[in-house]
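Below is one structure, written out as structure tokens, with a few remarks after it.
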Amino acid sequence: GGHVMLRLHGGFGYAQACDGSVVAYGADNIGDGDAQVWTVQFVGTAKRFTPGTRELELFGAAPRTADGAPFDPTYLCVEPQFITVHHLGDVPARRPVHSA
């Protein structure tokens, strides 16, 4: 529907801090082993919301913990105003440079 839904850990306070504000967000699939890499960034207004059953299904299973505390889901809906998407091809596999 032209919006981006985000599930966050309520214990961090990010959703409360961002509610009603303009936010920037980015995501990518770098590091998942796919040779076709994509990145997306967007800027828009964020609002807290309560997802319905269908929206919860889209999120899938929630994490059990966040930094050792029980995960407390809270949700933001962002209406993007500016969006960029980039596709990179033939990205070489990443190899660890240092090891313990």
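Structural remarks
- Structure-based [θ]222 nm, the chain - -39500 (n - 2.57) summed over DSSP H runs of at least 4, per residue, nearest 500: -2500 deg cm²/dmol
- Given (i) -0.78, -1.25; (ii) -0.71, -1.23; (iii) -0.55, -1.27, the label whose value is log10 I(q)/I(0) by the Debye sum over Cα atoms at q = 0.14, 0.25 Å⁻¹ derived from this model: (ii)
- Qualifying trypsin sites (Lys or Arg not before Pro) for region 1-90 [loop in DSSP, other Cβ within 10 Å: at most 13]: R64
- Neighbours of H9, meaning other residues whose beta-carbon lies under 9 angstrom from its beta-carbon, give a summed charge of -1 when Lys and Arg score +1 and Asp and Glu score -1.
- Inter-label distance, I30 to D90: 2.0 nm, where each label sits 7 Å from its Cα along the C-beta direction.
- Kirkwood-Stokes translational diffusion coefficient of region 1-55, alpha-carbon pairs, 25 °C, 0.890 mPa s, µm²/s: 184 µm²/s
- Potential lengthening between T45 and F59 on full extension [0.36 nm per residue; Cα-Cα distance subtracted]: 3.0 nm
- Label-to-label distance, nm, for residues given as W38 and V22 (7 Å Cα→Cβ offset): 2.6 nm
None of the figures in this text is laboratory data; all of them are computed from the coordinates on show. Computed from a predicted structure; not experimentally measured. Here Cβ is always computed from backbone atoms with ideal geometry, including for glycine, and neighbour counts include all displayed protein chains.
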